[in-house]
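To keep things clear, I will list the structure first and then write my remarks on it.
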Amino acid sequence: MGAMHELGKLLIVGGLVVAAAGAILLLIGRLPAGMLPGDILVQRKNFTFFFPVVTSIVVSLALTLILNLFFRR
């Protein structure tokens, strides 16, 4: 019962994590994200360059905080 019980718990937790990630992505899609002050956008006649510097930093900090909460020993 030990190994199967642990595998079942792991699958349930994994499913909840995937469902939560999907819900977060749906909510983020509604926010005006991606054009924070500090993000670089260069538009020319036939060329567009977008480099989300500040957005990348914000996402990195948020993921670092969340993962530290889950994997703290």
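Among the residues of region 28-51, how many are in a helix (DSSP H, G or I) and either β-branched (Val, Ile, Thr) or modelled with pLDDT of 85 or more (or both)? Please lay out each step first, then the result.
Step one: filter region 28-51 for residues in a helix (DSSP H, G or I), giving 28-30.
Then drop every residue that is not either β-branched (Val, Ile, Thr) or modelled with pLDDT of 85 or more (or both), which leaves 28.
Final tally of qualifying residues: 1.
The test for being over 15 Å from the mean Cα position of the chain (by Cα), open to solvent by less than 80 Å² (accessible area, probe 1.4 Å) and not aliphatic (A, V, I, L, M) holds for Gly15. Cβ separations smaller than 9 Å between residues 6+ apart or across chains give no pair from region 52-73 residues that are assigned to a helix (DSSP H, G or I) to residues that are among the polar types (S, T, N, Q). Here Leu26, Leu10 are screened, and the one residue that is of a type in the set (A, V, I, L, M) and surrounded by fewer than 10 Cβ atoms within 10 Å (Cβ to Cβ) is Leu26.
The values are calculated or read from the model by the stated rules, or taken from the named source; none is laboratory data. From a predicted model like this one, the values you see are computed outputs, not experimental measurements. No Cβ is skipped: glycine too gets one built from the backbone with ideal geometry, and neighbour counts run over all protein chains shown. For the accessible areas, the whole protein counts, side chains as well, though only heavy atoms, and no ligand, DNA or RNA atoms are used. Shrake-Rupley method; radii C 1.70, N 1.55, O 1.52, S 1.80 Å.
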